[in-house]
Amino acid sequence: MGADPRVLKVEAALRQARERLAVSSAEGSDDAALYLPHLQRSLKIVQRYAAVESDAPFVSQLPLIAPLVVRGKTFARRVLRGSLRGAFGSQAEFNAAVAEILFEFTRRAAVAQNPPPTPANRVNSFEATCQPDSRDPVLGAVLRDLMQEIAALRESTRAANLSAAEAERAVAELRRELEQLKHSAE
Amino acid sequence: MKLAYFSPLPPAATGVADYSATLLGALARQMPVEIFSDDARSPLSQQFPVRPIAEFAARAKHYDRRLYHLGNSAHYGAIFDTLVQFPGAVVLHDGTLHHFFVDRTLHRGNAHSYVREMSYAHGGDGYDTAQAIVRGAFIYPFYKFPLLRRAVDAATITVAHSETIRAAVVSERADARIARIDHFAFPAPPRRAARSTLLEKFRLPRETFIVAAFGSIAYGKRAEVTLRAFAQFAREHPSAQFVWVGARVGEHDLSPLVQELGIKSRVRFTGRVDQATLYDYMHLTDVAINLRFPTSGEASGIVMRLLALGVPTIVSDAGWYAELPRGVVARVPAGVGEVNLIAAYLHALASNSSARDSMGALAREYAEARGVERAAEEYVRVLRDN
């Protein structure tokens, strides 16, 4: 028995949409840059959040605390924790959201280094990049490593009472990974 | 065979309450049912005997079977406690109960119970992780440690709506008794008025293409992704409008994003609405978007309503949504390319009414095969055998 023609019609429409999108992506629309400001802003907040959670020196939290009229360090920290949770959800949720942005950004950057080489396989390449693991084994391995790095960063943010400097270091390592990836692609 | 039925009831703000309100009518036609719920103000108390859950212990011997609905929120505390004391069939609506346990232990200052539950469900790993969380040195592992074991152990049989939840239960206890009963489709009410009348009522333009999302705006619903995709689509479709029908949860404020995307005049948030208004908006919808990631395999009552009405729907390619058959919905993987792909699908569906009609017809057929009467029969069979 053949497939339902209505299913084929729907699938054909969706496939055409993917093809159209693949061509426009290959023509150079790179929206990775859209994520960068969000990522930078989010990292800054993560660092501040980590500083609060790990009771880092009080002075480093002044930019956040200044608007709050409170008395005493302990009370200020309590209010700050409450306001951060109110603004960004629990730390777990917030970290997960940031890790997701970081994850998307790093993968997008990796994908940008490996554009589909010919019009004929653009669609296949696009579909491959939509999957959690690329069909390219080398890129796939790199992406898996990066995913693990990010997962570890997310888990350890709280586990290790990550300080702002440590968060910076972890991000710098990820950036170095990306640079290496860029060079190897070139 | 007399049934004691435990569930939140409307107007409780949980999909399980609406699920029970519909299922109970069909179930009561097949067996005598008494409801135990702490939502005593429910309109259902006009149709069924509704007793407080605390009264069950004294009346337990009057019932032949017990059916407990469990979900991952604060609504289920008393139901869970009764289940542990009086085992019965459990309908597991979520693949993790971690949020539920955090709410009833840590959030109430009871660290000891949290550590005990983590140890019971996940052994040494659970104990170590719980200790680290109590010290403030670890984030909540909501999905890694789902804390299902005690509910599964207390259940004479576990009912799952999705393969994802079935697999989660098996990984807790390989020998657990499990039944798969698909989430039923809510009976689709006819449109109350002509499209033009409804458009006028909601002050929407007469010639318009309506993209809509339904349900609460909460973490995991990917509201930002949805709005970005609509903004991209709307650039090419000047008549398109977006409506989000559902309550905002917590401080999830999307107005800065709407402002940034420049779509303020084309986006509307209705807040929580009554059932009739919800269906009015669904009847007006040309394409719906219902994303969910991360997910623990929970089924969506909203999506089942949309499918019953034949509304073409774009969903996430994850959990229960990924189990929906080809052609019935358009699935989009979360992550890279998600926004672009949703916008491309919106464009494809907006410009191809034939594909939209086919999708709507397939959705209606899928829903018709999952009527509430059939679900009730399956529940009766499961309850009779267990």
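The values are calculated or read from the model by the stated rules, or taken from the named source; none is laboratory data. Bear in mind the structure is a predicted one, so any value in this text is a computation, not a measurement. All Cβ positions, even for glycine, are placed from backbone atoms using ideal geometry, and neighbour counts span all protein chains on display.
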(request) Residues that are within 9 Å of another protein chain (Cβ to nearest Cβ): find the helices (runs of 4 or more DSSP H) completely inside region B:313-386 holding 2 or more of those. (result) B:338-350, B:353-368
(request) Take region A:89-101 and flag every residue that is at pLDDT 70 or above, closer than 20 Å to B:F138 by Cα and either of a type in the set (A, V, I, L, M) or surrounded by 19 or more Cβ atoms within 10 Å (Cβ to Cβ) (or both). (result) A:F94, A:N95, A:A96, A:A97, A:V98, A:A99
(request) Could you please give the count of residues in region B:267-281 that are small (G, A, S) and touching a residue at least 40 places away in the same chain (Cβ under 8 Å)? (result) 1
(message) Let me spell it out: the conditions are (1) more than 13 Å from chain A (Cβ to nearest Cβ); (2) closer than 21 Å to A:G86 by Cα; (3) more than 22 Å from the chain's Cα centre (by Cα), and B:S216 meets all of them except one. Which number is the exception?
(response) (3)
(request) Residues that are in contact (Cβ under 8 Å) with a residue 60 or more places away in the chain: find the helices (runs of 4 or more DSSP H) completely inside region B:1-95 holding 2 or more of those. (result) B:15-28, B:77-85
(request) Go through region B:282-312 and give me each residue that's part of a helix (DSSP H, G or I) and either among the basic types (K, R) or touching a residue at least 40 places away in the same chain (Cβ under 8 Å) (or both). (result) B:M282, B:H283, B:L284, B:G301, B:I302, B:M304, B:R305, B:L306, B:L307, B:A308
(message) Condition first: part of a loop (DSSP other than H, G, I, E, B) and under 25 Å from the mean Cα position of the chain (by Cα). Can you find one or more residues in region B:199-212 that meet it?
(response) no
(request) For B:A299, work out the one condition from (1) more than 10 Å from chain A (Cβ to nearest Cβ); (2) closer than 29 Å to B:S255 by Cβ; (3) in contact with a Ser or Thr (Cβ under 9 Å, 6 or more places away or on another chain); (4) crowded, with 22+ Cβ neighbours inside 10 Å it doesn't fulfil. (result) (2)
(request) Answer with yes or no whether B:T129 is surrounded by fewer than 20 Cβ atoms within 10 Å (Cβ to Cβ), among the polar types (S, T, N, Q) and over 30 Å from B:G310 (Cα atoms). (result) no
(request) Out of B:S20, B:S42, B:S7, report the one residue that is farther than 30 Å from B:I139 by Cβ, surrounded by 17 or more Cβ atoms within 10 Å (Cβ to Cβ), among the polar types (S, T, N, Q) and touching a strand residue (DSSP E or B) at 6+ places or on another chain (Cβ under 6 Å). (result) B:S7
(request) With the checklist (1) under 30 Å from B:D128 (Cβ atoms); (2) at pLDDT 95 or above; (3) under 19 Å from the mean Cα position of the chain (by Cα) in hand, flag the one item B:H99 doesn't pass. (result) (2)
(request) For region B:222-251, enumerate the residues that are under 19 Å from the mean Cα position of the chain (by Cα) and assigned to a loop (DSSP other than H, G, I, E, B). (result) B:R222, B:A247, B:V249, B:G250
(message) Restricting to region B:355-371, name every residue that is more than 11 Å from B:V329 (Cβ to Cβ) and among the aliphatic types (A, V, I, L, M).
(response) B:A355, B:A361, B:A367, B:A369
(message) Test of understanding: among B:L198, B:L284, B:L261, B:L204, which residue is more than 27 Å from B:G319 (Cα to Cα), in contact with an Asp or Glu (Cβ under 6 Å, 6 or more places away or on another chain) and surrounded by 14 or more Cβ atoms within 10 Å (Cβ to Cβ)?
(response) B:L198
